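The values are calculated or read from the model by the stated rules, or taken from the named source; none is laboratory data. Everything numeric in this text was worked out from a predicted model, so none of it was measured. Here Cβ is always computed from backbone atoms with ideal geometry, including for glycine, and neighbour counts include all displayed protein chains. Note: accessible area is taken over every heavy atom of the protein model, side chains too, but ligands, DNA and RNA are not part of it. Shrake-Rupley method; radii C 1.70, N 1.55, O 1.52, S 1.80 Å.
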Amino acid sequence: MVRAMTIISFLALLCACGGGNQDDTQGASSGPSATLHSRAAPEGASGETRSLEFLFSVVKAVDHSVTIDYETVDGTAIAGEDYEATSGSATLAPGETELRIPVVLVGDDELEPSEQFTLRITGIDGVALTSEGATGTVANDDTDCSLPDLSGENPWRAEDRQMLNFAHRGGVTDFPENTLYAYKQAALAGADVLEMDVYQTIDGELIILHDLDVDRTTNGTGNVGDFTLAELKALDAAYWFVQDQGTPHDAPESAYRFRGIATGDKLPPPGFTANDFRIPTLEEALQAFPDYLINVELKPDVDGTGNYEFQLAELLLRYGRITDVMAASFVDTAANNFKLAAPCISTSVPLGQATAAILASQGPSPMAPLPMHHAFQVPPDTTQISQIPDEVPVEIVNQDMVDDAHAAGLAVHVWTINDCPTMIRMLDLGVDGVMTDRPLLLEKVLAQPEASRNCEGL
């Protein structure tokens with residue numbers, strides 16, 4: 001996987017987000033901004049009927065019907081083989097802001113990569129389109145994942161590309177964290193990996209949220225495991241976000257510029273919907289980002305039933321996310337359960353194993369191979385680990401550790417780095433990825449010539 005995103009994925013996301021620079025009266029026609037959003041869906045088994053539903057949205061409801069004419073156009077996905085050719089019209093009713101356009105997929109049982117086609121808008125009036133089409137990705141759900149990949153190839157190493165820019169929670173201080181809006185903006189800005197944390201709701205849904213409770217980021221209160229998905233979707237996930245600060249609760253009211261979009265009290269930016277500012281499900285992220293590397297952190301199984309890791313593995317496999325997803329957890333039990341469920345998906349070394357391996361390899365000793373995993377995901381030192389007292393910080397990431405990990409075939413991903421000097425120091429050590437709350441800053445650092453990287457003006 002090269003660092004630069006593919007042309008197809010960049011254009012698809014740019015179309016879906018409208019570039020983020022238009023007001024709601026710009027476009028090919030007068031009227032509110034309207035967007036056709038790219039989507040992914042599993043293909044299904046042979047003989048099974050599934051649909052990929054494109055979302056068409058306007059930033060504000062209009063008082064008249066809006067009729068959309070559309071047609072499908074082949075790409076790597078071929079009509080009759082991968083999906084059913086579709087053309088026709090759909091009508092957005094007065095007062096509505098969204099409608100869905102289904103395209104029937106043709107399931108099979110073949111092992112193959114994901115394939116793409118386009119839904120093109122051929123006619124519309126009364127709205128300002130941010131794009132004339134969107135990409136549909138037919139995800140392969142037939143991969144045999146019963147065995148780990150022991151080939152020795154590691155897609156998470158930076159051997160022939162630049163270090164990976166991990167947008168930690170989508171960019172905690174750049175964008176409202178763990179929202180689809182944050183992930184879309186981070187991807188457009190050049191981030192390579194979208195890092196997200198996953199919990200399970202009381203009704204068994206997998207949602208993206210960092211904290212055990214919703215208090216810090218939303219207008220609600222309580223533990224995530226006590227909520228249904230519908231109850232979480234009623235919250236405003238951008239309620240406390242302040243640009244360049246994160247989620248302070250004592251800023252002036254005017255600083256909370258995204259507050260109210262999720263609840264319909266304020267219009268979303270062109271190319272986005274109210275749902276982009278709510279707590280997303282993991283499936284929504286897989287539907288929206290089929291061409292982007294994703295790092296999933298498994299949070300504790302809050303209901304204790306034990307099906308959380310297996311449910312997450314099944315969802316990733318259904319969307320064909322085999323070589324482009326990294327699963328990580330500080331909870332060794334969760335990490336081990338996930339590996340049992342999906343041994344073919346890349347994982348980071350669990351905390352207990354990582355501690356033992358790094359301590360044993362200090363100095364001239366080599367690091368023991370860990371063929372079941374693809375990466376260490378660690379902080380630069382122990383000050384970021386709450387279980388270890390701050391008064392006895394111990395360096396974790398140094399040249400010896402990086403060299404030992406690489407010799408053992410493992411990538412090194414370092415978290416959470418938010419200052420330019422440390423970013424450059426990690427680059428000089430040769431780490432394979434940096435997780436940051438400031439992906440926009442890291443992108444500027446990575447854009448500099450390697451021999452003259454500096455922090456002036458950043």
*Can you tell me which residue in the range 442-457 is nearest to F376 (Cα to Cα), limited to those that are surrounded by 14 or more Cβ atoms within 10 Å (Cβ to Cβ) and without any contact (Cβ under 8 Å) to a residue 40 or more places away in the chain?*
V445
*Failed item in (1) surrounded by fewer than 24 Cβ atoms within 10 Å (Cβ to Cβ); (2) modelled with pLDDT of 95 or more; (3) of a type outside the set (D, E, K, R), with A128 passing the rest*: (2)
*May I ask you to list the residues in the range 49-71 that are crowded, with 22+ Cβ neighbours inside 10 Å and of a type in the set (S, T, N, Q)?*
S57
*Please go through the range 177-202 and pick out each residue that is crowded, with 23+ Cβ neighbours inside 10 Å and more than 29 Å from E314 (Cβ to Cβ).*
Q185
*So which residues in the range 84-106 are under 26 Å from the mean Cα position of the chain (by Cα) and either among the charged types (D, E, K, R) or over 26 Å from A274 (Cβ atoms) (or both)?*
E98, R100, V104, L105
*What are the pairs, 6+ residues apart or on separate chains, where a residue within the range 368-388 that is of a type in the set (S, T, Y) has its Cβ under 8 Å from a residue that is surrounded by fewer than 19 Cβ atoms within 10 Å (Cβ to Cβ) and modelled with pLDDT under 75?*
T382/I388; T382/V392; T383/D390
*Quick check: anything in the range 133-152 of a type in the set (A, V, I, L, M), over 27 Å from S65 (Cβ atoms), crowded, with 17+ Cβ neighbours inside 10 Å and in contact with a Lys or Arg (Cβ under 7 Å, 6 or more places away or on another chain)?*
no
*Grab the helices (runs of 4 or more DSSP H) fully contained in the range 364-458, keeping just those with 1 or more residues being aromatic (F, W, Y).*
none
*Is it fair to say A334 is open to solvent by 10 Å² or more (accessible area, probe 1.4 Å) and not in a loop (DSSP other than H, G, I, E, B)?*
no
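Conditions tested, residue by residue: (1) surrounded by fewer than 24 Cβ atoms within 10 Å (Cβ to Cβ); (2) in contact with a Ser or Thr (Cβ under 6 Å, 6 or more places away or on another chain); (3) free of Cβ contacts under 8 Å to residues at least 60 places away in the same chain; (4) farther than 17 Å from L209 by Cα.
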{"site": "P269", "(1), (2), (3), (4)": "yes, no, no, yes"}
{"site": "F277", "(1), (2), (3), (4)": "no, yes, no, no"}
{"site": "E283", "(1), (2), (3), (4)": "yes, no, no, no"}
{"site": "V302", "(1), (2), (3), (4)": "yes, no, no, no"}
{"site": "F310", "(1), (2), (3), (4)": "yes, no, yes, yes"}
{"site": "R318", "(1), (2), (3), (4)": "yes, no, no, yes"}
{"site": "I322", "(1), (2), (3), (4)": "yes, yes, no, yes"}
{"site": "A328", "(1), (2), (3), (4)": "no, yes, yes, no"}
{"site": "F338", "(1), (2), (3), (4)": "no, no, yes, yes"}
